[in-house]
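Nothing in this text is a laboratory measurement; each read-out follows from the coordinates by a stated rule. None of these values were measured; they are calculated from a predicted model. Reconstructed Cβ throughout: ideal geometry from the backbone, glycine too, with neighbour counts over all protein chains shown.
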Amino acid sequence: MGVLSNKIDRDQLKPGDHIYSWRQAYIYAHHGIYVGEGMVIHFTRGSAQETGTGTILDRLFTSSSPLHNTCDILCPKCGDQKRSDGVICSCLDCFLSGYDLYLFEYGVSPALFLAEARGGTCTIASSDPTEDVVHRALFLLENGFGGYNVFKNNCEDFAIYCKTGLLVVTNIGVGRSGQAASCLAGASAVVSSPLRFMASGFGGLALVGCGMYCVSRYVSDIGVRSDAVKVPVESITELLCKED
């Protein structure tokens, strides 16, 4: 665990852990909350109610669904989830879909946060007690987590809310997800770099771009955002409906 890898073994799992697995050649990760007994509650991208990007990314994110959703195999633990979307409960095998298991870290230092070159693996925010995390996940399993949106309300947003109870209350361009923040930070660093820095050569331009990327990631983290507030899980459905 640390800067190089958050990969863990299954026997290290504890109820309330925020876990994830990289998909599609490490293009993105799917996140969920481990609730014990080999089961994971997670937010999936279904076909009926979600808002995607309108691009090829939509096809990539459909693999957040359990493995047996896309084949004829019926999991003895999960049953038939072919038509499932939104917040669902799957066994660990179906959640991982053959990929490796990683643990999302909470309460990391700003230095460690920035040392992680890619978002979606850790946060400066602290985790709430296990019982609160599991309660939120079980409540949202029954009541939903609003409409899926790749950039504003995705599987990582769901898991971070379960762990922290924090919700972004302003309707701006990115939710709680570190993956989404990294994508937007990278785009911002490329697009908004002033042309005058090109005079200092590629090295200077790369240094400025890296600095802008790090700053954008940091200010977007749920642990430092001023627009993130603690929201009781019993009130979240109404708030998410307003955002939709």
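Things worth noting here:
- Linear extension gain, D100 paired with L74, 0.36 nm per residue minus alpha-carbon span: 7.2 nm
- Estimated FRET transfer efficiency when R0 is 30 angstrom, pair K230-A25 (beta carbons, to 0.05): 0.25
- Taking 0.36 nm per residue of separation and subtracting the Cα-Cα distance, full extension of the segment from A111 to D132 would add 4.8 nm.
- The alpha-carbon of K77 sits under 23 angstrom from the alpha-carbons of these lysines, leaving out residues fewer than 8 places away in its chain: K14.
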